[in-house]
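Let me begin by presenting the structure, written as structure tokens, before commenting on it.
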Amino acid sequence: MPAPLSVIIPTFNALPRLGQSVAALAEGLDTGLIAELIISDGGSVDAIETVADELGAAFLRDAKGRGQQLGAGAAMARAEWLLFLHADTVLQPGWAGAVAAHIARGPNRAACFRLRFDAPGLMARLVAGGANLRSRAFGLPYGDQALLISRKLYTEIGGYKPIPLMEDVAIARALRGRLTMLPATALTAADKYQRQGWLRRAARNLWLLARYLCGAKPENLAAAYAPSENCKR
């Protein structure tokens, strides 16, 4: 039986973090889950194309913007299931079994992971807990929780929108009622929270989310958010 999963990672000058993210995928390779790795780059000036070749990954370069990059990666994918994973997110041990169990239930529901930050302390736990609560209660995970979705369902809802920000919220809203949280954890980088302050960063994210849900254009939100951060929360 063919491996059912294409893993798609969008990158933009992401090499310092990418190694850990890719290393964690070995669990899926060992269990015959992963068919291919696709790196969708947004114009990096690092050695990402060389590294992708060394990894045996498919590589494409598209316009900068994660929504655009994710959509391009999905169009290139060949497997029946897609796993969209940020370059600074590391799936924790046991993830492959949780993904395989979800795939076995059929193609009509997508899934995200529980969030945890790679930092100690109460604030890291509180912010991650808030994100997980938002995901369970409102079905609105962010992209750093990864997204597992069948090609069938992805096509049905129209996939990722080529917008500069909130592409993860847009697809989560399209999946409303058909998105569950896996019993597995995604460990994501905390550096931006640590640099800006946990409360300040979390409040800013919530404000942007509220503005988007009230109808603000993603282009305007991205301009306010800081283009230098590559639209990463």
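Can you give the helix-only mean residue ellipticity at 222 nm for the chain, where every DSSP H stretch with n ≥ 4 adds -39500 (n - 2.57) and the sum goes over all residues, rounded to the nearest 500 deg cm²/dmol?
Details: 11 runs with 105 residues, N = 233.
Per the formula, -13000 deg cm²/dmol.
When the chain is modelled as a GNM with alpha-carbon springs shorter than 10 Å, which of 66, 211, 151 fluctuates the most?
211
Quick check for you: which residues of segment 74-89 have the amide N under 13 Å from the point 7 Å beyond the Cα of residue 55 toward its beta carbon?
Zone members listed by number: 84-89.
Suppose accessible area is computed on protein heavy atoms with a 1.4 Å probe; arrange 198, 81 from highest to lowest.
Working: 198 40, 81 15 Å².
Greatest to least solvent exposure: 198, 81.
Calculate the spin-label point distance for residue 207 paired with residue 219, positioning each point 7 Å from the Cα along the beta-carbon direction, and give it in nanometres.
A separation of 2.3 nm, rounded to one decimal place.
Scattering from the C-alpha atoms of segment 138-191 alone, worked out with Debye: what is log10 I(q)/I(0) at q = 0.17, 0.21, 0.24, 0.26 1/Å?
So the normalised log intensities are -0.56, -0.84, -1.05, -1.18.
Might you report the magnitude of the Cβ-based charge dipole of segment 21-152 about its Cα centre, with Lys and Arg at +1 and Asp and Glu at -1, to the nearest 20 debye? Don't skip to the answer; put the middle values down first.
Working: 13 positive and 13 negative charges, 185 e Å.
Here the size comes out at about 880 debye.
Percent of Cα-Cα pairs more than 25 Å apart in the chain, please. Walk me through the numbers on the way to the answer.
Values: 9571 of 27028 pairs.
Tail of the P(r) past 25 Å holds 35 percent of the pairs.
So how strong a dipole does the chain carry about its Cα centre when Lys and Arg Cβ are +1 and Asp and Glu Cβ are -1, to the nearest 20 debye? Intermediate results must be reported in sequence, preceding the final value.
Values: 27 positive and 19 negative charges, 260 e Å.
About 1240 debye.
In whole Hz, what ³J(HN,Hα) sequence does segment 51-56 give by Karplus (6.51, -1.76, 1.60; θ = phi - 60°), x for Gly and Pro?
After applying 6.51 cos²θ - 1.76 cosθ + 1.60, I find 5, 4, 5, 5, 7, x Hz.
Give me the accessible area of residue 12, 1.4 Å probe, in Å² rounded to the nearest 10.
Surface accessible to solvent at residue 12 totals approximately 50 Å².
Going out from 0 in 5 Å bins, what whole percent of all Cα-Cα distances in segment 37-147 drops into each bin?
2, 10, 16, 20, 20, 15, 11, 4, 0
Gaussian network model of the chain, Cα springs within a sub-10 Å range: biggest mean-square fluctuation belongs to which of 11, 89, 155?
Evaluated over the chain, the most mobile residue of the options is 155.
To the nearest µm²/s, what D does Stokes-Einstein give for segment 110-176 at 37 °C and 0.692 mPa s, using the Kirkwood radius over alpha carbon pairs as Rh?
Working: Rh = 12.7 Å.
Answer from the Stokes-Einstein relation: 258 µm²/s.
The values are calculated or read from the model by the stated rules, or taken from the named source; none is laboratory data. Note that the coordinates shown come from a computational prediction; the quantities given were computed from them, not determined experimentally. Note: ideal-geometry Cβ built from the backbone for every residue, glycine included; neighbour counts use all protein chains shown. Ligands, DNA and RNA are excluded from the accessible area calculation, which covers all protein heavy atoms including side chains. Shrake-Rupley method; radii C 1.70, N 1.55, O 1.52, S 1.80 Å.
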